[in-house]
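Student: First the structure, then my questions, so here it is.
The values are calculated or read from the model by the stated rules, or taken from the named source; none is laboratory data. No experiment lies behind these values; they were computed from the predicted model shown. Virtual Cβ from ideal backbone geometry, glycine too; neighbours counted across all protein chains shown.
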Amino acid sequence: MPASASRLDPDRLLTGGLRLCAAFSAALLILVVIFLLLQAGPVLDAIGPWRLFADDGWFPADTAAAGQFSIVALLAGSGAVAFGATVLAAPLAIASAVFCRFVAPPRIGQLFRRMLEVLAGVPSVVFGFWGLVVLVPLINRWQPPGASVLAGALVLGLMILPTIALLADSALRSVPRATLSAAAALGLSRWRTALQVALPAARGGVVTGIILGVARAIGETMAVLMVCGNVVQVPASVFEPVRTLTANIALEMAYAYGDHRSALFLTGLVLTLLVIALVLVAELGRGANARRTAHG
Amino acid sequence: MKSTVTPIRSVVAESAPPALAIQTKDLAVHYGALCAVRGVSLQVPQQQITAIIGPSGCGKTSVLSSLNRLTDLIPGARVSGQILIDGADVLWPAYDPVALRRRVGKVFQKPNPFPLSIARNLDLPLRDQGVRNADERAGRIEAVLRRVGLWDEVAQRLDMPAQQLSGGQQQRLCIARALVLEPDILLMDEPCSALDPIASGVVEGLIEELRGDYTVVVVTHNLQQARRIADHLAVFWTSGDAGCLVEQGPAGAIFDSPKQAITAAYLDGRCC
Amino acid sequence: MGDRLLAGVCWLAAGIVAGGFAWLLGDIVMNGLGQINLMYLLMPVADAGRAGGIGPVIVSTSLILVVCLSVSLPLGLATAIVLSEADDERWFGRLVRRSLDVLAGVPSIVFGLFGYAVFGLALGLGFSILSGGLTLACMVLPILIRSIEQGLRAVPIDIRHAAAALGMQRWRTLVAVLLPAAAPGVLVGVVLGIGRAAAETAALLFTSGYVARMPDSLLDSGRSLSVHIFDLALNVAGGEPRAYAAALVLIVALAVVNLTAISLSERLLSSRINPA
Ligand SMILES: Nc1ncnc2c1ncn2[C@@H]1O[C@H](COP(=O)(O)OP(=O)(O)O)[C@@H](O)[C@H]1O
Ligand SMILES: [Mg+2]
């Protein structure tokens, strides 16, 4: 009777090798967190997580004892810019998606989607550069200094818009045609169909898109580094410059030593946890939505 | 109305019970909690054509797939009972399914050539079986293409993508691909149902030509076809919640005088 | 009435988006186009980038991409194969998938920190093209895996059954049948990965570094095109005109890359809907 598996069965080797690679890919996330923790260890030991919020400000030094490590202003900077970007981008993005699916003639809708896809691929450094040479001087003429929360929100808004619009668009596309024809059969007008049937049905995808947009805005470095002015402060208005967590790392890594560098890794860890939380929330939303459509 | 067609092979089949190529005992196939078919004790005589007929959903495909353990590939599928081939139970966990499938080939309902060239479709299985010599492979490919009547049609374009062939040609290529490994048993799941009538006739003729060289188990929906080609017949039915085997035996005998009322009704076309 | 209003609002929104896009693109094309010629693409960088060309920068960028792909492609391919065959009910496939989804969201500057700590410090590669390429490899892995997996899943299940019914070994089914059939998906993944990697700046700042000389080996620091733009824009007084030129080169390269990926994946989709 033919029995299986000699020792050097190529299929077993293959299966083992593939599994090993997959396990490594999965472990990469843990590796990232571990290395951040290792590097952040010294300063975390010295100051504990609490002083990240209780210190008088961000005045890092080579030794933990001599420095102040409050990230409150940096968090405020990241939050303000990301919030502004989302407020600007989300409505435009959703309207763009509705435009593609319900309003535009098919050819134009297709062209517009292509444009969004190209826009999604434009590097952040180019967005930042454009913001720096075009937007910042414009704002400066109106409300100096120009490099500000507003500039950051505008540039980031344009950057995350394609992400949200394309996800909303594909969520709208996956609304069952039967649902739409049912609405049409009831004599609902196009705008009622779009706003009261299709968008609610696609809600999960749209919300996921917005959350991923926020995650991208918080994690973005180059554009905000170039247009936000990089002053460590809690902004009092949208015209004031701020520094984000990401920009801070990019600016200070170049010369940081000792506990200062360690503190930068700690802020990287905070950033990662923040974004992981957002991605998981988005995933949960997507899962709930999938279940809803499966039952509905 | 009773059939007046003369049974083709009944004389041979009735006189001496032939040796069995496959014998199942109390075979059942489950998909998760659903029982597709149960209590099947099927007998497949050697070197003959066994036709499995029955209404759709009664588990014909499930039984056929279990015979060479392709059910292993379906998530959630469980097969219980016994399948004896050469006295060994192929459901025994240590039985090597790869070796089994090289002896028990299968042709599917929908032609499924690899998205590769015609020649490569036949070359790959041979290589995989360890036929190193290129000339030998070429020879076997030509022989098997002649056997399925495809050689004259494709000899000039063996490098053409197989998926550009017509449906009937694709199905004959799939039969050739199964035959090139020289299996003992060939399983065919409604091999003509995706084809137009002419292509279907060609494939049917081909199946008849395999008689005597191979043990063929063919599932078919087409009663006329079963009547034309089968030596041995197995009739499946759905009783209650699961499929079952209601009657089997020499084809002529069953077509002439079915023992079960259900079979009689089915063969007369009085139901379904 | 409502229809008109909706149409009006949507046209307006689309107009604003298209306007912003046109403004950005137009600005860069108008200011960049005049400075680009063959010499600019070939010459070494001079006067901190205010003069000369971007020859070494293009070479460094290409080398970084080559390193990135030669590590991420085999790893991504292997992982995608496992995922495409994984039963979603089983913990292993679910774990890998979830972990990659999260990895895809990790900010690029964090990959920069990670690359600096692992490749730069722990492995002793310092500021080098190797460090940068390896860092980007980690970063593009999730995108790569996702599109390769889609390509593999698009191969009809019939084909796998046909191979199994022939008693074909798994490795040969994979190498000779599945991967050729999934090639378009793999290609889309590769192109998307290149697009993402070539657009990246933050992850390279402290891994491949700023050096604008022609690199002698993979262990030399090499400045990528994106880092070059950043440096000219922020650190070099009077670097603006040349930053425009470099930005235009990068945008055109990326547009070609992205449109290739899109049309490839659309062809893949349509061939799945009506098989030849
Ligand atoms: N992969 C599967 N998963 C779940 N149920 C299945 C699967 N395949 C077949 N079935 C069910 O098993 C029963 C028998 O199917 P099948 O063997 O295909 O019958 P037949 O070939 O006679 O039409 C049917 O009720 C069918 O719905
Ligand atoms: Mg069937």
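Student: Near ligand 1 (Cβ under 8 Å from one of its atoms) and more than 21 Å from B:Ala19 (Cβ to Cβ) - does that describe any residue in the stretch B:83-94?
Tutor: Within the stretch B:83-94, not a single residue is near ligand 1 (Cβ under 8 Å from one of its atoms) and more than 21 Å from B:Ala19 (Cβ to Cβ).
Student: Within the stretch B:34-47, how many residues turn out to be more than 10 Å from ligand 1 (Cβ to nearest atom) and among the hydrophobic types (A, V, I, L, M, F, W, C)? Don't jump to the end; show me each part of the working.
Tutor: Filtering the stretch B:34-47 down to residues more than 10 Å from ligand 1 (Cβ to nearest atom) leaves B:38-47.
Next cut, among the hydrophobic types (A, V, I, L, M, F, W, C) only: B:40, B:42, B:44.
Number satisfying all stated conditions: 3.
Student: Same structure, new question: Within the group B:Gly201, B:Gly269, B:Gly249, which residue is in contact with a His (Cβ under 8 Å, 6 or more places away or on another chain) and not polar (S, T, N, Q)?
Tutor: Sole residue among the options that is in contact with a His (Cβ under 8 Å, 6 or more places away or on another chain) and not polar (S, T, N, Q): B:Gly249.
Student: I'd like to check something: does the stretch B:73-85 contain any residue that is without any contact (Cβ under 8 Å) to a residue 40 or more places away in the chain, under 26 Å from B:Thr220 (Cα atoms), at the interface with another protein chain (Cβ under 9 Å from one of its Cβ atoms) and not in a helix (DSSP H, G or I)?
Tutor: yes
Student: Moving to a separate point now. Which one is surrounded by the fewest Cβ atoms within 10 Å (Cβ to Cβ) among residues in the stretch C:197-208 that are more than 10 Å from chain A (Cβ to nearest Cβ) and part of a loop (DSSP other than H, G, I, E, B)?
Tutor: Restricting to residues being more than 10 Å from chain A (Cβ to nearest Cβ) and part of a loop (DSSP other than H, G, I, E, B), the top hit is C:Thr207.
Student: Those residues that are more than 16 Å from ligand 1 (Cβ to nearest atom), crowded, with 20+ Cβ neighbours inside 10 Å and within 22 Å of the chain's Cα centre (by Cα), I need them from the stretch B:232-272; list them, please.
Tutor: The answer is B:His232, B:Pro250, B:Ala251, B:Gly252, B:Ile254, B:Phe255, B:Leu267.
Student: If the Cβ limit is 7 Å and pairs must be 6+ apart or interchain, which residue in the stretch B:37-48 that is of a type in the set (D, E, K, R) pairs with which residue that is away from ligand 2 (no atom under 16 Å from the Cβ) and part of a strand (DSSP E or B)?
Tutor: Listed pairs, sorted by first residue: B:Arg38/B:Ala28.
Student: What single numbered condition from (1) in contact with a His (Cβ under 6 Å, 6 or more places away or on another chain); (2) over 30 Å from C:Val110 (Cβ atoms); (3) of a type in the set (A, V, I, L, M) fails to hold for C:Ala176?
Tutor: So C:Ala176 meets the others, but not (1).
Student: Which of the residues that make up the stretch C:180-193 are within 14 Å of chain B (Cβ to nearest Cβ) and either modelled with pLDDT of 90 or more or buried (at least 22 other Cβ atoms within 10 Å of the Cβ) (or both)?
Tutor: Matches in the stretch C:180-193: C:Ala182, C:Gly185.
Student: Give the residue that is surrounded by the fewest Cβ atoms within 10 Å (Cβ to Cβ), with candidates limited to residues of the stretch B:148-168 that are touching a residue at least 40 places away in the same chain (Cβ under 8 Å) and in a helix (DSSP H, G or I). Don't jump to the end; show me each part of the working.
Tutor: Kept after step one, since they are touching a residue at least 40 places away in the same chain (Cβ under 8 Å), are these residues of the stretch B:148-168: B:148-149, B:158-163, B:165, B:167.
Restricting the remaining residues to those that are in a helix (DSSP H, G or I) gives B:162-163, B:167.
Working: B:Ala162: 24, B:Gln163: 17, B:Gly167: 15.
Here the answer is B:Gly167.
Student: Okay, next question. Got at least one residue in the stretch C:48-57 being at pLDDT 90 or above and closer than 30 Å to A:Leu28 by Cα?
Tutor: The answer is yes; a qualifying residue exists.
Student: Go through A:Arg292, A:Arg243 for me and flag whichever is more than 10 Å from chain C (Cβ to nearest Cβ) and modelled with pLDDT under 90.
Tutor: After ruling out the rest, the residue left standing is A:Arg292.
Student: Same structure again: Just need a number here: residues in the stretch B:169-222 that are touching a residue at least 60 places away in the same chain (Cβ under 8 Å), of a type in the set (S, T, N, Q) and either within 16 Å of ligand 1 (Cβ to nearest atom) or assigned to a helix (DSSP H, G or I) (or both).
Tutor: Summing the residues that are touching a residue at least 60 places away in the same chain (Cβ under 8 Å), of a type in the set (S, T, N, Q) and either within 16 Å of ligand 1 (Cβ to nearest atom) or assigned to a helix (DSSP H, G or I) (or both) in the stretch B:169-222 gives 3.
Student: Go through the stretch A:249-263 and count every residue that is free of Cβ contacts under 8 Å to residues at least 40 places away in the same chain and more than 7 Å from chain C (Cβ to nearest Cβ). If you could, list the steps in order and put the result at the bottom.
Tutor: First, pick out the residues of the stretch A:249-263 that are free of Cβ contacts under 8 Å to residues at least 40 places away in the same chain: A:249-251, A:253-255.
Those still in the list that are more than 7 Å from chain C (Cβ to nearest Cβ) too: A:251, A:254-255.
Qualifying residue count, the stretch A:249-263: 3.
Student: Quick check on the stretch C:128-165: of everything there that is among the basic types (Lys, Arg) and more than 9 Å from chain B (Cβ to nearest Cβ), which residue is nearest to the chain's Cα centre (by Cα)? Can you show your working first?
Tutor: Applying the first criterion (among the basic types (Lys, Arg)) to the stretch C:128-165 yields C:146, C:153, C:160.
From the residues that got through so far, the ones that are more than 9 Å from chain B (Cβ to nearest Cβ) too are C:146, C:153.
Details: C:Arg146: 13, C:Arg153: 22 Å.
Filtering the stretch C:128-165 for residues that are among the basic types (Lys, Arg) and more than 9 Å from chain B (Cβ to nearest Cβ), the one nearest to the chain's Cα centre (by Cα) comes out as C:Arg146.
Student: Does B:Ser56 fit the bill of being within 16 Å of ligand 2 (Cβ to nearest atom) and modelled with pLDDT under 90?
Tutor: yes
Student: Consider only pairs whose beta carbons are under 6 Å apart and that are at least six residues apart or on different chains; among these, list those whose first residue lies in the stretch B:90-102 and is within 22 Å of B:Leu181 (Cα to Cα) and whose second residue is polar (S, T, N, Q).
Tutor: B:Asp96/A:Ser4; B:Leu100/B:Asn68; B:Arg101/B:Asn68
Student: I need the full set of residues from the stretch B:48-61 which are out of contact with any Asp or Glu (no Cβ under 9 Å at 6 or more places or on another chain) and within 8 Å of ligand 1 (Cβ to nearest atom), in order please.
Tutor: If the condition is that a residue be out of contact with any Asp or Glu (no Cβ under 9 Å at 6 or more places or on another chain) and within 8 Å of ligand 1 (Cβ to nearest atom), then B:Gly54, B:Pro55, B:Ser56, B:Gly57, B:Cys58, B:Gly59 are the ones that fit.
Student: Taking the condition surrounded by fewer than 18 Cβ atoms within 10 Å (Cβ to Cβ), over 28 Å from A:Val242 (Cα atoms) and more than 8 Å from chain C (Cβ to nearest Cβ), does A:Pro10 pass?
Tutor: Numbers: surrounded by fewer than 18 Cβ atoms within 10 Å (Cβ to Cβ): yes; over 28 Å from A:Val242 (Cα atoms): yes; more than 8 Å from chain C (Cβ to nearest Cβ): no.
Criteria not met by A:Pro10.
Student: Scan the stretch C:166-178 and report the pairs whose first residue is facing another protein chain (nearest Cβ under 7 Å) and free of Cβ contacts under 8 Å to residues at least 12 places away in the same chain and whose second residue is surrounded by fewer than 20 Cβ atoms within 10 Å (Cβ to Cβ) and acidic (Asp, Glu), with Cβ atoms within less than 6 Å and a gap of 6+ or a chain change.
Tutor: C:Gln169/A:Asp11; C:Arg170/A:Asp11; C:Trp171/A:Asp11
Student: Within the stretch B:62-82, which residues are of a type outside the set (A, V, I, L, M), within 8 Å of ligand 1 (Cβ to nearest atom) and buried (at least 21 other Cβ atoms within 10 Å of the Cβ)?
Tutor: B:Ser62, B:Ser65
Student: Moving on to the next point. Here is a list: B:Ile229, B:Ile141. Which entry is of a type in the set (A, V, I, L, M, F, W, C) and under 14 Å from the mean Cα position of the chain (by Cα)?
Tutor: Result of the check over B:Ile229, B:Ile141: B:Ile229.
Student: Going residue by residue through the stretch B:205-224, is there one that turns out to be more than 14 Å from chain C (Cβ to nearest Cβ), within 16 Å of ligand 2 (Cβ to nearest atom), more than 12 Å from the chain's Cα centre (by Cα) and among the hydrophobic types (A, V, I, L, M, F, W, C)?
Tutor: yes
Student: Tell me, which residue of the stretch C:215-239 that is within 13 Å of another protein chain (Cβ to nearest Cβ) and among the hydroxyl-bearing types (Ser, Thr, Tyr) is nearest to A:Val125 (Cα to Cα)?
Tutor: By that ranking, first place goes to C:Ser226.
Student: Of the residues A:Ala153, A:Ala182, A:Ala201, which single one is within 15 Å of A:Phe102 (Cα to Cα) and not hydroxyl-bearing (Ser, Thr, Tyr)?
Tutor: Result: A:Ala201 is the single residue among A:Ala153, A:Ala182, A:Ala201 that is within 15 Å of A:Phe102 (Cα to Cα) and not hydroxyl-bearing (Ser, Thr, Tyr).
Student: Oh, and also: Please find, among A:Phe83, A:Phe129, the residue that is at pLDDT 95 or above and within 17 Å of the chain's Cα centre (by Cα).
Tutor: So the residue among A:Phe83, A:Phe129 that is at pLDDT 95 or above and within 17 Å of the chain's Cα centre (by Cα) is A:Phe83.
Student: Hey, another quick one. Looking at C:Val82, C:Val110, C:Val96, C:Val106, can you tell me which residue is at pLDDT below 95, within 20 Å of the chain's Cα centre (by Cα), within 10 Å of another protein chain (Cβ to nearest Cβ) and crowded, with 18+ Cβ neighbours inside 10 Å?
Tutor: C:Val106
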